[in-house]
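Throughout, read-outs are computed from the coordinates displayed, never taken from laboratory work. Every value quoted in this text rests on a predicted model; they were computed, and no experiment measured them. Here the Cβ is made from the backbone with ideal geometry for all residues, glycine too, and neighbour counts use every protein chain on show.
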């Protein structure tokens, strides 16, 4: 499916029209719509990484004595930090003309294709949001990580890394996930520059490797819009069938490797392997666009399950 130049011009003209003035509640709803489709991919898993990492105690930080109550008390701050970082990425990702064209196919409810805001207003909002997000994360204890994420956002959107070869795209995303996760952990600990253990650093890198090798699960559901935009994703470059195997095999491998890293016993393997096999089955045998969307949601749950393994190592003695 392709758009004619006239159709693209009509789309861009529509979103350039000045939308009606917004009440504060409607403005908050628009901010949410910018991030809604990525919330489950970034905010929930990365928040889980920070929460469960802090809950893991001395396995992740030599200065961490956090119990469940203190981790729960800081959970909203971890959630806010991750959402603010995601907002910067999504604002930068959605206001370009080619992004609006893609979202008209893949995500027509987003604010720009829906005509709720204009590209110029989105650009101004991005300019205003960057210092707010950097200062907020600095106060929360993850200022350096937020600054790196702004740079990675520029590489992905401003320099075209998100449209380049899928290896470049996945590499930028996996590095970003590493800083998302590191920042989440520091905010959850409530201790800026908290000394992380060697196991914690290895775990951050390992999870980034999980993302690098399986992130294309998100691309399966977006092939129509990605093709229009000319994005070089795994299914569009290697073909739909091959792409599915590039997801299934790494998911199966990581489902065993991650619990093994934490030295868990048989019960500790149940959840990651169960969800992992669910992703493998769905990605190989259920191939509609709607099925791929649900498979991506299961992939997100699988990654969140992996993030819980350090806490399982500390608290669930039956799994050891």
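Some points to look at:
- Which listed residue, of 287, 244, 293, is closer than 27 Å to residue 102 by Cβ, outside any helix (DSSP H, G or I) and in contact (Cβ under 8 Å) with a residue 40 or more places away in the chain: 287
- Selection of first residues in segment 83-97 that are buried (at least 20 other Cβ atoms within 10 Å of the Cβ) and of second residues that are not in a helix (DSSP H, G or I), restricted to Cβ pairs under 6 Å at least 6 apart or on distinct chains, gives the following pairs, ordered by first then second residue: 94/112.
- Some residue of segment 188-204 being in contact with a helix residue (DSSP H, G or I) (Cβ under 7 Å, 6 or more places away or on another chain) and over 20 Å from residue 82 (Cα atoms): yes
- When segment 212-235 is filtered for residues that are within 16 Å of the chain's Cα centre (by Cα) and assigned to a helix (DSSP H, G or I), the ones remaining, listed by number, are 212, 213, 214, 215, 216, 217, 219, 220, 221, 222.
- Selection within segment 118-161 - touching a residue at least 60 places away in the same chain (Cβ under 8 Å), surrounded by fewer than 21 Cβ atoms within 10 Å (Cβ to Cβ) and under 19 Å from the mean Cα position of the chain (by Cα): 150, 154, 158
- Residue check, residue 110 in contact (Cβ under 8 Å) with a residue 12 or more places away in the chain and assigned to a loop (DSSP other than H, G, I, E, B): yes
- The listed residues are 135, 148, and the only one of them that is within 29 Å of residue 232 (Cβ to Cβ), in a helix (DSSP H, G or I) and touching a helix residue (DSSP H, G or I) at 6+ places or on another chain (Cβ under 9 Å) turns out to be 148.
- Among (1) under 30 Å from residue 313 (Cα atoms); (2) surrounded by fewer than 17 Cβ atoms within 10 Å (Cβ to Cβ) - the single one residue 178 does not satisfy: (2)
- Top-ranked residue of segment 37-61 - restricted to ones that are outside any helix (DSSP H, G or I) and in contact with a strand residue (DSSP E or B) (Cβ under 8 Å, 6 or more places away or on another chain), ranked as surrounded by the most Cβ atoms within 10 Å (Cβ to Cβ): 60
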